[in-house]
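The values are calculated or read from the model by the stated rules, or taken from the named source; none is laboratory data. For clarity, every value in this text was computed on a predicted model and none was experimentally measured. Cβ placement follows ideal geometry from the backbone for every residue including glycine, while neighbour counts extend to all protein chains displayed.
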Amino acid sequence: MNDLANSPMTANPPPVQIDFNTPELKRKRSLRALKDRLTRWYVLVGGLAVLGAITLIFFYLAYVVVPLFQGAELTARKAQTPAWLQQAGAPLLLALEEQNQVGMRVAANGEVVFFAAKNGAELNRVSLPLPAGTQISSIGQGLPGSNLLALGLSNGSALVFKHVYKVTYPDNQKTISPQIAYPYGEAPLNLDAQGRALEHVSLSATDETLLLAGSTGNELHLLALTQEENMLTGETSLEQQRIVLPQIAEPIKALYVDPRQQWLYVINGRAQADVFDLRSKSLNGRYKLLEDSAAEVTASAQLLGGISLLVGDSKGGIGQWFMARDPDGEPRLKHIRDFRLGASAVQQIKPEERRKGFIASNAAGELGVFHSTAQRTLLIEPLAKGAELLALSPRANRVLIESEHQLKPFSLHNPHPEVSWSALWSKVWYESYDEPKYIWQSTAANAEFEPKLSLAPLTFGTLKAAFYAMLLAAPLAIAAAIYTAYFMAPRMRRKVKPVIELMEALPTVILGFFAGLFLAPYVEGHLPGIFSLLLLTPLGILLAGFFGSRLPESWRQRIPEGWESALLIPVVLAVGWFALGVSPHLEAWFFGGDMRLWISNDLGITYDQRNALIVGLAMGFAVIPNIYSIAEDAVFSVPKSLTLGSLALGATPWQTLTRVVILTASPGIFSALMIGMGRAVGETMIVLMATGNTPVMEMNLFEGMRTLAANVAVEMPESEVGGSHYRVLFLSALVLLLFTFVMNTLAELIRQRLRKKYASL
């Protein structure tokens, strides 16, 4: 035995020595270390690149948006002292043409001088055809941009003329030829039959009618001229009609006719306005323009479009007024907003010809730049006192002042006056509206359009679309995720989960196309069935579960554990078939045969075919996969030891689910909801195709909306690069980015807090 134990066959073999320093192993270790370093740097650089890209996007959006909130800049140019100005008559009017190359000056002696805006050199001189022995007693301008003028004469007549600028290109050089035109003839039009001097004159012209208004003392004179064309000869004749109005009690300071020739505004006394309805030839009302009894009106003008009146007073205030309806439906002159230009009397107000802005000067020599809709004071700058005339170019980029026989030009940089925080987020009282409202309407066909750039209805529409989408998607996705991860059989889960996640690959443009062209009209024709389906589906599932629990135990044991949900498929299909099949009968029994008309007529609720209900169904379908996938992974990742421990301690599966599993998975479930919310907020194509894109602020389920993302997609191709509309669209994108950033930050903070709170389970 000892010999056998000591034999070589039973002895312990010597240990095998492995050489780890062979060249092959060294190369493998070096290659593995290189791969680790490359991967580490690749992940680091990729992560930093993503953060850098997001940061650059944010700063680029801010770079485009910041100029919206900058003020105006006024730059003085070299003063001009042309020789013709020294011998010219007293100034009445100063104007500039479109290209800022030619200026015009109207003098009290009836001479019109056109001069080069660059150096003041005289280009053309025109003597107006004034009757012998008459003098100019007043001057009135047409609406901003019309270039139409009326001179009130000392014999009670008015001369109407227009300054035009003909552009030609002889020898490929641009040449502007200023001219005076007389669209209503060179003969003055008689307003006062008694031949008294017209102290004030105003006019309003349409394609067919010219309305002249003048005043002598406290008496008004109105003359309407209608052009009639002979169809046979082509000759045009003027038909005159006088309009008789009551006298004014106080001395008249100014007259204005609105562009529709419905209202005549007569500013009189210290601070009073009488408004006449020209259609009924009656007084609409007398309005007090200033609350301060010590102040008086010192300047006035019509804003672009002629709807609003700008009234400057002796204490530096400028008020905006226009006609709006009272709650009783009667039109009244309303005080809309105020501006302030120092403490001295406002002397001149010049409106812009393309925007709802204006400039004004006061007795202290200050010049102010304002915008009415945005209620912005963009600039107040001191200039030389004693400015006799003030002119603003049609593009509002050049200001010209005549003072002490000098022409003083200024460059005005004011690119985005129509945007302010109040115009973007507060209610604004727009012209022709009866009250302040939130409105988005960025473009229109006419030049006098007042842009309405409120982001409030777009933000509201974004949240409304996301709310209805989440109202459908969140309960379905979370409930499906919990059931799939906790109750469903593993074999069935492996089939169901990929199918639901595959829904995310469906293009949203297809969903929007389907929702807009098929789902919207189908829902409109089956409203009772749709609502019955939403109500009966959960009820049918509960009844199926109730009756299933009452089946014999031998039957219930035949169903494999975790496969119970397969039995609900025919239940859901049967409920859907019943709800949609009974829809026509419900519509006939309860809604008079047409539920849509019943909603509109009986309930007074607006119904649009493409509405929030359609968006909720379509977008909810698109958001479900995102929420489901993340929530299902969170629930499924709960350690089995927690579940089995809870069951071993006597808890029921439902108690284990509600008190252990869901609490542990709550950070992931919350993240799923926030990601789904972000997807719904940023969705574009479904909202674009499944709604009417109407920017209204209504929670009405049957009315559409316009979202920030859809608005950017629709209007960005039509916007002028660098313009206010263009930059406001970028601001919309910045608001979306900030919203998602804030939501994700809050979601992460809440998720970390939930994880810390329930980490001990």
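Would you check which residues across the stretch 82-98 are surrounded by fewer than 17 Cβ atoms within 10 Å (Cβ to Cβ) and not in a strand (DSSP E or B) and list them?
Ala83, Trp84, Gln86, Gln87, Gly89, Ala90, Glu98
Within the stretch 497-513, is even one residue of a type in the set (Gly, Ala, Ser), part of a helix (DSSP H, G or I), surrounded by 18 or more Cβ atoms within 10 Å (Cβ to Cβ) and more than 38 Å from the chain's Cα centre (by Cα)?
No; the residues of the stretch 497-513 include none that is of a type in the set (Gly, Ala, Ser), part of a helix (DSSP H, G or I), surrounded by 18 or more Cβ atoms within 10 Å (Cβ to Cβ) and more than 38 Å from the chain's Cα centre (by Cα).
Check whether at least one residue in the stretch 433-449 is under 19 Å from Arg679 (Cα atoms) and either in contact (Cβ under 8 Å) with a residue 24 or more places away in the chain or in contact with a Leu (Cβ under 8 Å, 6 or more places away or on another chain) (or both), and report yes or no.
No, the stretch 433-449 has no match at all.
Ala79: surrounded by fewer than 18 Cβ atoms within 10 Å (Cβ to Cβ), farther than 18 Å from Tyr165 by Cβ and without any contact (Cβ under 8 Å) to a residue 40 or more places away in the chain, yes or no?
So Ala79 fails the test.
Conditions (1) out of contact with any Asp or Glu (no Cβ under 8 Å at 6 or more places or on another chain); (2) within 20 Å of Leu149 (Cα to Cα); (3) modelled with pLDDT of 90 or more; (4) not assigned by TED's automatic domain parsing to the domain that holds Ile318, marked per residue:
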position	(1), (2), (3), (4)
Glu199	yes, yes, yes, yes
Glu208	yes, yes, no, yes
Leu245	yes, no, no, yes
Ile248	no, no, no, yes
Val257	yes, yes, yes, yes
Ala273	yes, no, yes, yes
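Evaluate the stretch 682-705: report whether one residue or more is surrounded by fewer than 20 Cβ atoms within 10 Å (Cβ to Cβ), among the aliphatic types (A, V, I, L, M), more than 19 Å from the chain's Cα centre (by Cα) and over 28 Å from Tyr63 (Cα atoms).
Yes.
Among the numbered criteria (1) without any contact (Cβ under 8 Å) to a residue 24 or more places away in the chain; (2) touching a Phe, Trp or Tyr at 6+ places or on another chain (Cβ under 8 Å); (3) more than 25 Å from Pro188 (Cβ to Cβ), which one does Thr55 miss?
Of the numbered conditions (1) without any contact (Cβ under 8 Å) to a residue 24 or more places away in the chain; (2) touching a Phe, Trp or Tyr at 6+ places or on another chain (Cβ under 8 Å); (3) more than 25 Å from Pro188 (Cβ to Cβ), the odd one out for Thr55 is (2).
Has the stretch 341-350 got any residue that is closer than 14 Å to Gly319 by Cα, hydrophobic (A, V, I, L, M, F, W, C) and part of a loop (DSSP other than H, G, I, E, B)?
Yes, there is a match, as at least one residue in the stretch 341-350 is closer than 14 Å to Gly319 by Cα, hydrophobic (A, V, I, L, M, F, W, C) and part of a loop (DSSP other than H, G, I, E, B).
Which is within 36 Å of the chain's Cα centre (by Cα) and farther than 23 Å from Pro507 by Cβ, of Met595, Met619?
Result: Met595 is the single residue among Met595, Met619 that is within 36 Å of the chain's Cα centre (by Cα) and farther than 23 Å from Pro507 by Cβ.
Could you tell me which numbered condition Asn190 fails, if it satisfies all but one of (1) surrounded by fewer than 22 Cβ atoms within 10 Å (Cβ to Cβ); (2) in contact (Cβ under 8 Å) with a residue 40 or more places away in the chain; (3) not charged (D, E, K, R)?
So the condition that Asn190 fails would be (2).
Under 7 Å between Cβ atoms, at least 6 apart or on separate chains: pull out the pairs that start in the stretch 578-603 with a residue that is within 16 Å of Tyr522 (Cβ to Cβ) and part of a helix (DSSP H, G or I) and end on any residue that is modelled with pLDDT of 85 or more and of a type in the set (Phe, Trp, Tyr).
What qualifies is Arg596/Tyr607.
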